[in-house]
Amino acid sequence: MSPAGCPHVNGFKVDNWKQNLRVIYQCFVWSGSAETRKRKAKSCVCHMCGAHLNRLHSCLYCVFFACFAKKHIHEHAKSKRHNLAIDLLYGGIYCFMCQDYIYDKDMEQIAKEEQRKAWKMQVVTPHNSSMKGIGEKYSTWEPTKRELDLLRHNPKRRRITSNCTIGLRGLINLGNTCFMNCIVQALTHTPLLRDFFLSDRHKCEMQSNSCLVCEMSQLFQEFYSGHRSPHIPFRLLHLVWTHARHLAGYEQQDAHEFLIAALDVLHRHCKDDNGKKANNPNHCNCIIDQIFTGGLQSDVTCQVCHGVSTTIDPFWDISLDLPGSSTPFWPLSPGGDGSALNGESHTTGATTLTDCLRRFTRPEHLGSSAKIKCSGCHSYQESTKQLTMKKLPIVACFHLKRFEHSAKLRRKITTYVSFPLELDMTPFMASSKDSRINGQYQQTVDPFNNDNKYSLFAVVNHQGTLESGHYTTFIRQHKDQWFKCDDAIITKASIKDVLDSEGYLLFYHKQFLEYE
């Protein structure tokens, strides 16, 4: 949405739009009297699935209620070209063209007036002798003339400038601990994780000196304290050794292995046992699962009866095979649609992240040596297996399998893989399987669907050989502003430096978030 505001509201502001909007607020949003609340409870159901909850929205152009979470209101907006809807719980106006909740001065004024009226009608407590309404007891704050004058005469504001370095801090290498330092840099620059720790959300039930979450919280405080001297993460290293004993010692470790171990310990230490199941494949409310957990769908299809057996497993990262490994890589046509699908610019024939994802989600024939008992045929039959994404995480981590370990071979694969700044995961969703022809996703432009788009914010690289190497991280500080973190040394980097790097772990963040 541009700084000037949403350009699509003018199409709604015709005839008696103010009165119509007031009626919607009175009857379906700010229900003041018991009668209007009963009416709202009876009438406000999704016209598609009949659900009462799931963040109901009402179309502003017609009387149509539908779920936001299940995207029923999105389908209505797309089919009818009705661009505006109102959240029936909070009263916010959503524009489907801007893909965001919008602010309009006139609409906001109507919303405030109707909210005050409703509050005045709602009695606080039955035994209250004065029988005041909520609006009379808890009035909204409006700045006085004197307060406005003071704000005008003191315009200085604290803001983050484009050259601000707060949040950037080097980490001392404590002896082959670059594998830990590079992951710490990626985690401390994960936006929602940063917001969680800097807002003191963690309530510890362990001894503070043994809780990894408490140490991570302290680490975030250190990073955003404004200090420029490198931080010494000795307590973090001690806790990692304590809780992930396979990483203990001063030998060089694998950064990917450390990432998974760190997420696992953090998940265990901040697990929320409040009995409520979360809407992620791990069914856990902890911040780690809320941010990093996605759902991987596995479809096994019988080659005889074509019956499909589906399972969904949680994942924290996706490991991708590379050309040059002993595992045959799926042949891809040079310069095919995979190269342009996500805007990856590279020389013809170069392998792209999209190519790796296409290989990961292609149907695979399991062969006669891996027959599976079919529930339809009631016998062992040959089958095909296909992996797709059922639910995407907020942060998607891609692990490029550069280290090959087998009985005959131990080596590093240095194949260059082109990866984009912006990635669209739509072709690899389970819901996109029907859109594939000969295994290739047929892309269609849909301005209403931005749910699966990601932006790159961190890249972990490995220099050297399998036996002797060094890890560094590129992190995004602001939009298009990148830095290279090499243990205690942090230097400015260009986007070209980032995209030309070899790439071992790629961290992408969702561009659009929806609150459950």
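The values are calculated or read from the model by the stated rules, or taken from the named source; none is laboratory data. Worth saying up front: this structure is predicted, and the values here are computed from it rather than measured. Cβ sites come from the backbone with ideal geometry, for glycine too, and all protein chains shown count toward neighbours. To get the accessible areas, we keep the full protein, side chains included, count just its heavy atoms, and leave off ligands, DNA and RNA. Shrake-Rupley method; radii C 1.70, N 1.55, O 1.52, S 1.80 Å.
When the accessible area of region 7-122 is computed with all protein chains present and a 1.4 Å probe, what percentage of it is carbon and sulfur?
Working: 3290 of 6180 Å².
Within region 7-122, the accessible surface is 53 percent carbon and sulfur.
Could you report the accessible area of residue 212 in Å², rounded to 10, computed with a 1.4 Å probe on the protein chains as they sit in the structure?
Its heavy atoms expose roughly 10 Å² to the probe.
Taking amide H positions as placed 1.01 Å from N in the peptide plane, with prolines and chain starts having none, which residues 5 or more places from residue 211, or on another chain, fall under 5 Å of its amide H?
Under 5 Å from the amide H of residue 211 lies no amide H from a residue far enough along the sequence or on another chain.
On full extension of the chain, what length is gained from residue 366 through residue 204, given 0.36 nm per residue of separation minus the C-alpha to C-alpha distance?
Details: separation 162, 0.36 × 162 = 58.32 nm, distance 4.68 nm.
Here the answer is 53.6 nm.
How big is region 177-270 in terms of Cα radius of gyration and Dmax, in angstroms?
Final numbers for Rg and Dmax: 12.7, 35 Å.
So, taking all protein chains as they sit and a 1.4 Å probe, how much accessible area belongs to residue 55, in Å² rounded to tens?
60 Å²
What order do you get for 468-481, 65-78 when each peptide is scored by the mean count of other beta carbon atoms within 10 Å, highest first? Please report the intermediate quantities before stating the final value.
On the way: 468-481: 18.2, 65-78: 20.4.
By packing density, highest mean first, the sequence is 65-78, 468-481.
With a 1.4 Å probe and all protein chains kept in place, how much accessible area does residue 497 have, in Å² rounded to the nearest 10?
For residue 497, solvent-accessible area is about 70 Å².
If amide H atoms are built 1.01 Å from N in the plane of the peptide, which residues on other chains or at least 5 residues away come under 5 Å of the amide H of residue 413?
Close amide H contacts, sequence-distant or interchain: 403, 404.
Specify the inter-centroid distance of region 202-246 and region 456-516, based on alpha-carbon positions, in whole Å.
22 Å
I need the phi-derived Karplus couplings for region 467-473: 6.51 cos²θ - 1.76 cosθ + 1.60, θ = phi - 60°, integer Hz, Gly and Pro marked x.
Working through the residues one at a time gives 7, 9, x, 8, 9, 9, 9 Hz.
Which log10 I(q)/I(0) values, to two decimals, does region 7-122 give at q = 0.12, 0.13, 0.18, 0.22 Å⁻¹ under the Debye formula with one point per Cα?
-0.39, -0.46, -0.90, -1.31
From the phi of every residue in region 303-317, what ³J(HN,Hα) in whole Hz does the Karplus formula 6.51 cos²θ - 1.76 cosθ + 1.60 yield, where θ is phi - 60° and glycine or proline is x?
7, 9, 9, 6, x, 10, 10, 10, 10, 10, 10, x, 9, 9, 8
Might you tell me the accessible area per residue for region 464-504, computed with a 1.4 Å probe and given in Å²?
Details: 1990 Å² over 41 residues.
For region 464-504, the per-residue accessible area is 49 Å².
Could you give each residue of region 212-218 its phi-based ³J(HN,Hα) in whole Hz, using Karplus coefficients 6.51, -1.76, 1.60 with θ = phi - 60°, and x for Gly or Pro?
For region 212-218, the Karplus-derived couplings read 5, 5, 4, 5, 5, 4, 5 Hz, x marking Gly and Pro.
Past 26 Å, Cα to Cα: identify those pairs from 373/433; 412/496; 385/510; 390/479, in the order given. Can you show the working numbers first?
On the way: 373/433 24 Å; 412/496 24 Å; 385/510 28 Å; 390/479 29 Å.
Over 26 Å apart, Cα to Cα: 385/510; 390/479.
With the crude spin-label approximation of a point 7 Å out along Cα→Cβ, what separation in nm comes out for residue 144 versus residue 414?
Going from the residue 144 label point to the residue 414 one covers 7.2 nm.
Name the residues whose placed amide hydrogens come within less than 5 Å of the amide hydrogen of residue 392, ignoring near sequence neighbours (fewer than 5 apart) on the same chain.
Result for residue 392 returns 295.
With the other protein chains left in place, how much accessible area per residue, in square angstrom, belongs to region 7-122 at a 1.4 angstrom probe?
Working: 6180 Å² over 116 residues.
Per-residue accessible area for region 7-122 comes out at 53 Å².
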